[in-house]
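Trainee: One structure, pasted below without further comment.
What follows draws every value from the coordinates through simple rules; no lab data is involved. Because the structure is a prediction, the values reported are computed rather than measured. Glycine gets a Cβ as well: all are built from the backbone with ideal geometry, and neighbour counts include every protein chain shown.
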Amino acid sequence: MSDLVLLLPQLCILSAALLVLIYNTIFRKSTKLTILTLIAVVGSFCSIASAIFLFISQSPTVTIFGDQLVVDGSSLFFSVIISSVTLLVSIASYNYIKPLQNQAEYYSLLLLAAAGMGLMASANSLVIAFVAMELASLPSYALVTYLKNNEGSTESGLKYFLIGALSSAIFVYGSSLIYGATGSLGFTAISESILNTPSLSGLLGIGILMVIGGLAFKTTSVPFHFWAPDAYEGAISPVSAFISSASKAAGFILAFRILIEAFPLDVVSSIGLDWALAIQILAVLTMTLGNFAAALQENVKRMLAYSSIGHAGYVLIGLAALSGSQDTLVIGASMMHLMIYGFMNTGAFLFIALAEHWNVGPTFKDYRGLGSKAPLVSIAMTVFLFSLAGLPTGGGFLTKYVLFMAAVGAGFWWLAAIGAINSALSLYFYTRLVKSLWVDPPISDLNISSKGIPVGIYVAILIAAVVTILSLPFFSPFADFAMAAANILIS
Amino acid sequence: MGPFDLIAAIPLLPLTAFLVILFAGHFTPSALPKCGAIPGILALSGSFIISLSLLPLVYSGNFFNNSIYLWATWSISDLHFGFLIDPLSALMLVVVSLIALLVFIHSLGYMNDQNEQGLFRYYAGLSLFSFSMLSFVISDNLLMSFIFFELVGFCSWVLIGFWFREDAPPKAATKAFLVTRFGDYFFLIGVVAVLVIFGTANFAGPNSFPVLAKSAILSGQTLNGLDPQTWVTIIGLLILGGVIGKSAQFPLHTWLPDAMEGPTPVSALIHAATMVAAGVYLVARIYGFYALSPTTLAIIALVGGFTALLAATMATVKHELKQVLAYSTISQYGYIMLALGAGGYVAGIFHLTTHAIFKALLFLGAGAVIIAMHHDGDMWNMGGLREKLPVTYWCFIFGSLALAGIFPFAGFWSKDEVLLETLNYGLGGSPILLIGYAFGLIAVFVTGFYTFRMIHLTFHGSPRSQAAREPHSLRWNIKLPLVVLGSLSLLAGAINMVPLGEILGIDLSYLHHWLDTAPSNLTAHHYHELTESFSGYHSAYFSSIISAILSLAVAVSGMAFAWKLYQSPNPTESGTVYSTRFNTIYRILMHNYYQDDYQLMIASLTRNKLATFANIFDQKYLDGLVNELSSKSLSLSNSIRRIQTGAVTNYALLLSIGLVLILFIFALLGGWL
């Protein structure tokens, strides 16, 4: 029983998903969107609350179900990120999917994916990791194709599915090689096995690299990123927000846990593999490609998609700098960045959702003059964009600062330098949108007031904005939480 | 509620007035009576009353020296805002708030009654000016001083250029801004140097930089590779750069005469209590630092003495009433610098105080005359205004006699003490000060000359223009400040009547005692000890009576000489000795010794070369680099963007190639092949 209590964050989401389905089955004809939204909101809120409660009351690390799952500070930290994004997206979806079909299916898919992501945060063996990834991925594919009569939506969903299938195959194949070499699937068991009987090093090394490849798919790291711009652009914006924030966070916690616990650098060095080097390459490629490709996009959503790839690159710096002397700090910095990123990136995508709701076109030009028509949310969007760029309008400034300083402290000044150059470039395309919002002359035929104010999207954007802004002056709770989580993971 | 709780209100009241005038003036102009003068008057009255209430507190030995707001912690030092209330700053607060208040009242007559436009901007500027100066006065560290020093400069730019649609005011404003800014560069370097060398910019307390500098010199160790006293001299001279710019000392005095293009009440504020006073106040504020370096003190004294004489001579030939006053201001601040450089700390403060009063009086009087003259400031068009403007005349006379240093007006006591102290220390073993004394004494003669010329041309004789025959009438708001300042010009000397004390055999140096009630490292007595032991200043204890009689005689003879030249009821410049025997001198004086000309020449020569070079460097290298970088980045991003073809088969191919490449590289590195 107590084992189940430890899984409360995931169980809340899961029961909400089931509740949505049950409710929809019973009241087939008279399903109310308000109730669906309420179930999702309450479920994700309970998940956040229970995760924070468990973090405060829980002893550092507990493994359950025969070591298959682990509940520790880092799993709870990421549960908070994932459930917060789910909460924001659930609130915003209320207005967005109101005119659409299959609302109950939408919410159940969303919640099931979130449950899968929560499980990824707690996975403690390669099998569970794979199952959890699939539990997160399969609903995501369906969510991206939610507009099933829309060509763009189905096409991008199909691409996402195909690349996902390829990546899953690579991950599973890598896992089987690892199992072949070590005879174990549990993370700690694998590392012990490598330490005690280092054999079949080539087989094991290739297996590890393939597992990294599978994780790179989830974290949208180059060259496994190809699906992301297409999927984010084709999906409805709340789903883009969800996948680009929550799914990425889930991918990262799994990557952190597998690489740190199953394949510690000092252990795998015995087989001649320095995966930190591989991550360094991935980090540089991901940052650079993401930001450079974002620079020239005409489509705002696509720009945000590439910017989200660029941010994956920044977070990878934390893993890449692990061979230094500041392990806890670099991983903690990455975690902080993912947390703040969860809010500012979700907020930015939800702003796009709002614009889509108002029938604003997809390009930068179409956003001209929106600042004067909807000043409040435009201010929020400005906060998100500048915070994403690393300016002190929100916590994004501090997390990037800590991340780069930690990398420098760990001896990877060149990674920090490349990150800083990319940040400078990113200011260009973020500012372009700010300029469109505030500076450029407004488009005359855009009439917002006739469509009314979508309360749900507004509330979600404003919550995200408040958290983003407040995380600047009140940074220490976020930082302490992340450092505690990182500390548990490293030791 | 402690006695010092209201300190913050002294600068904050004018700041509030500034905000109120700015926003109410913009959004609801009709809600503000008198175009914003009333909030300003109320705020300054409040500041004045609070400043007055500080005097008994300070006199009974209470001080305030605390950090109020810490805005940055630095490995070397904490950067903070804080207040320092000691006898010096308390006295200055009273002077500044009183004169600013009177200037506001005077402005009602000078600006509102004349139906000037843009008065919200005017009063907002005046309020911000007062706020900046009051904050500067109560600063407890050099960095905060610098910040408000700059803000004072900015406000004077706003106000001098108030009539920005005309030709001359914007130019004068810019000139004032640029010239003072030139000095401020040195000041800024000085601030940084103080922070780096001493680790604190505090004025007072055991960890203040003057105290640290003193113990560094006493310890005999080197600081950052240099002898501490050398550091003190270098930093002192750097800070002096800002002082010379703001207090209009040679050679950076050229902005002040042009600054009279602003409204006359603004000139009164600039000359008497804010902008120009800020410079010398800074020297007095860190006097414990300057006292450690005989070189710096000598330079201050010589610059001051030379400026006193130079500016006075230029004042003798000017046609504009306000220009005469402007040069007299430069000259009088020269005296204050002379006193401070010669070790006469009390004399310097004394003259700063009395000058603030009589110069504000003279400028407000000049404002009254200019209104009466229908905005004509040329003295050669005046004459005979004595009968028409009796109140203005008598007040102006009081101010002029104070300026010329005639017994028993305020300026007599203070100027005499300046000269006495200079003579004392000059005779007492620092002969270089005797040069400063000579300058100062000759300047007394010249001052008497131009003062009498100014009064005579303006008020005496017969009217020389239609305007002078039918002057505009004046209202109470013009006369009230004149009367207040006129009585103070007569009485303010009473705070330190040293010669009278010597005659009567009693101690009348109240100001000296007042400044001695300061915290231990800020007293006049302490400064005296410092100049004695570090700069070798020893007083010769020359008789103050003889000195007073001497300077009085010189002043009177200067006036007599002017009387001889201009006594006729219809005096003309061409009829005087100038045009005949001293034509060359006259021309040189009219051109202000060609100071502006040579400075312009230097500026244009260096500027053109430097600007061309900077332009090429910027266009070709800096901009070129940035442009090249961004165009390269954008073309790179264009090619990166093309990787995303949209065909899922391509994605799968690239993904697989990427994975195989990684596997291959690491297989090679790991030796698995």
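Trainee: Give me the dipole magnitude in Debye, nearest 20, for the range A:275-491 about the Cα centre, with unit charges on the beta carbon: positive for Lys and Arg, negative for Asp and Glu.
Mentor: So the dipole magnitude of the range A:275-491 works out to roughly 340 debye.
Trainee: What range in chain A is the longest one free of trypsin sites (Lys or Arg not before Pro) that are in a loop by DSSP and have at most 14 other Cβ atoms within 10 angstrom?
Mentor: So the longest stretch without any such site is A:149-491.
Trainee: Averaged across B:261-274, how many Cβ atoms of other chains sit within 10 Å of each residue's Cβ atom?
Mentor: 0
Trainee: State, as an integer percentage, the relative contact order of the range A:275-491 based on alpha-carbon contacts under 8 Å between residues 6 or more apart.
Mentor: Once normalised by length, the contact order is 29 percent.
Trainee: Taking DSSP loops as anything outside H, G, I, E and B, show the longest stretch in chain A free of chymotrypsin sites (Phe, Trp or Tyr not before Pro) there with at most 12 other beta carbons within 10 Å.
Mentor: Maximal segment without exposed cleavage sites: A:28-473.
Trainee: Residue by residue, what Karplus-based ³J(HN,Hα) values in Hz, rounded to whole numbers, does the range A:86-102 have, using 6.51, -1.76 and 1.60 with θ = phi - 60° and x for Gly and Pro?
Mentor: Listing the rounded values in order: 4, 4, 4, 5, 4, 4, 5, 5, 3, 6, 5, 9, 3, x, 9, 8, 6 Hz.
Trainee: Output the 0 to 90 degree angle, nearest 10, between the alpha-carbon long axis of helix A:8-26 and the longest principal axis computed from the alpha carbons of chain A.
Mentor: It works out to around 50 degrees.
Trainee: Among B:VAL211, B:PRO29, A:TYR458, whose Cα sits farthest toward the positive end of the charge dipole of the protein assembly as shown (+1 at Cβ of Lys/Arg, -1 at Cβ of Asp/Glu, about the Cα centre)?
Mentor: B:PRO29
Trainee: Considering only B:GLY343, A:TYR179, B:PHE250, whose Cα is most displaced toward the positive end of the charge dipole of the protein assembly as shown, charges sitting on Cβ of Lys, Arg (+1) and Asp, Glu (-1)?
Mentor: B:PHE250
Trainee: What chymotrypsin sites (Phe, Trp or Tyr not before Pro) does the range B:60-100 have in DSSP loop regions with at most 12 other beta carbons within 10 Å?
Mentor: Of the chymotrypsin sites (Phe, Trp or Tyr not before Pro), the ones in loops of the range B:60-100 whose Cβ has at most 12 other Cβ atoms within 10 Å are B:TRP74.
Trainee: Considering the options A:THR328, A:VAL408, A:THR382, tell which one lies farthest towards the positive end of the dipole of the range A:275-491, charges being +1 on Lys and Arg and -1 on Asp and Glu at the Cβ, about the Cα centre.
Mentor: Going by the Cα projections, it comes out as A:THR382.
Trainee: Looking only at other chains, what is the average number of their beta-carbon atoms within 10 angstrom of each beta-carbon in B:640-646?
Mentor: For peptide B:640-646, the averaged partner shielding equals 6.
Trainee: Right, another one. How many percent of Cα pairs in chain B exceed 42 Å?
Mentor: 30
Trainee: Then there is this: How far is helix A:413-438 tilted, in degrees, relative to the longest principal axis of the Cα atoms in chain A, given as a value from 0 to 90 rounded to the nearest 10?
Mentor: 10
Trainee: Between the range B:338-361 and the range B:527-546, what is the C-alpha centre distance in whole Å?
Mentor: 17
Trainee: Using DSSP to define loop residues, name the chymotrypsin sites (Phe, Trp or Tyr not before Pro) in the range B:480-554 whose beta-carbon has at most 11 other beta-carbon atoms within 10 Å.
Mentor: Hits after loop and neighbour filter: B:TYR541.
Trainee: Any idea how far the Cα center of the range A:147-201 sits from the one of the range B:396-420, in Å?
Mentor: About 95 Å separates the Cα centre of the range A:147-201 from the one of the range B:396-420.
Trainee: Using the per-residue mean of other Cβ atoms lying within 10 Å as a proxy for protection, in what order, highest first, do the peptides A:261-273, B:104-116, B:327-339 fall?
Mentor: Descending packing order for the listed peptides: B:327-339, B:104-116, A:261-273.
Trainee: Order B:557-563, B:198-204, A:208-214, B:446-452 from most to least packed using the mean count of other Cβ atoms within 10 Å.
Mentor: B:446-452, A:208-214, B:198-204, B:557-563
Trainee: Oh, and also: Using the Cβ atoms and a cut-off under 10 Å, what net charge is assigned to the surroundings of B:PRO499, where Lys and Arg are +1 and Asp and Glu are -1?
Mentor: It works out to a net charge of -3.
Trainee: Residue by residue through the range A:62-76, which ³J(HN,Hα) values in whole Hz follow from phi under the Karplus form 6.51 cos²θ - 1.76 cosθ + 1.60 (θ = phi - 60°), with glycine and proline marked x?
Mentor: 10, 9, 10, 6, x, 6, 7, 10, 10, 10, 9, x, 6, 5, 5
Trainee: What is the range A:277-389's relative contact order, in percent, from Cα pairs under 8 angstrom and six or more apart in sequence?
Mentor: Normalised by residue count, the contact order of the range A:277-389 is 24 percent.
Trainee: Which lysines does B:LYS246 reach when only Cα atoms under 22 Å apart count, and residues fewer than 8 places away in its own chain are ignored?
Mentor: B:LYS171, B:LYS175, B:LYS322, B:LYS359, B:LYS415
Trainee: Residue by residue through A:222-232, how many Cβ atoms from other chains fall within 10 Å of the Cβ on average?
Mentor: 4
Trainee: Scan chain B and report its longest stretch carrying no trypsin sites (Lys or Arg not before Pro) that are both in a DSSP loop and have at most 14 other Cβ atoms within 10 Å.
Mentor: B:166-474
Trainee: Charges only on Cβ, +1 for Lys and Arg, -1 for Asp and Glu: so what's the dipole of chain A about the Cα centre, in debye to the nearest 20?
Mentor: Here the size comes out at about 1220 debye.
Trainee: In whole Hz and in residue order, list the ³J(HN,Hα) couplings for the range A:269-282 that follow from phi through the Karplus curve 6.51 cos²θ - 1.76 cosθ + 1.60, θ = phi - 60°; x for Gly and Pro.
Mentor: Each residue's phi maps through the Karplus curve to give 4, 5, 9, x, 10, 10, 5, 4, 4, 4, 5, 4, 4, 4 Hz.
Trainee: Got the relative contact order for chain B handy, in percent, Cα pairs under 8 Å and 6 or more residues apart?
Mentor: Relative contact order, chain B: 12 percent.
Trainee: Right, here's the next one. Sorted by average packing, counted as other Cβ atoms within 10 angstrom per residue and highest first, what order do B:293-300, B:664-671, B:269-276, B:186-193 take?
Mentor: B:269-276, B:293-300, B:186-193, B:664-671
Trainee: For helix A:151-182, what angle does its Cα long axis make with the longest principal axis of chain A, in degrees from 0 to 90 and rounded to 10?
Mentor: Helix A:151-182 sits at roughly 10 degrees to that axis.
Trainee: About the Cα centre, and with charges only on the beta carbon of Lys, Arg (+1) and Asp, Glu (-1), how big is the dipole of the protein assembly as shown? Nearest 20 debye, please.
Mentor: In total the dipole reaches around 2300 debye.
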